[in-house]
Amino acid sequence: MEVELSPKEIQVASLIAKGLSHQEVADTIHRSKRTVESHVRSIYDKTNIKRRLGALTLWFIQSPYNIAV
């Protein structure tokens, strides 16, 4: 199953996969923590992932979105 993520969701997923907290992601991409949390919810819905770091990291490593940010 192919998942369509927006460019910002890809960026957020990449930073979370690197271990950054929501606040650290927000600071990095110059958005609010609430906006990051919204992106994360959208990523979870699209990927069917419910546990934050471990599952998202595994999914991201195996995905076509595995790019350097």
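The length gained on full extension between residue 3 and residue 24, counted as 0.36 nm times the residue separation minus their Cα-Cα distance, comes to 5.1 nm.
Working note: Karplus 6.51/-1.76/1.60 with θ = phi - 60° gives segment 9-23 the couplings 5, 4, 4, 4, 4, 4, 5, 5, 4, 7, x, 6, 6, 4, 5 Hz, where Gly and Pro are set to x. Of all aspartates and glutamates in the structure, those lying under 20 Å Cα to Cα from residue 46, and not within fewer than 8 positions of it along the same chain, are 2, 4, 9, 37. Across segment 35-42, rounded Karplus estimates of 3J(HN,Hα) from the backbone phi angles (6.51 cos²θ - 1.76 cosθ + 1.60, θ = phi - 60°) give 5, 4, 4, 5, 4, 5, 4, 5 Hz, Gly and Pro being marked x.
Read the figures in this text as sums done on the coordinates, not as results from a lab. Since the model is a prediction, treat every value here as computed from it, not as a measurement.
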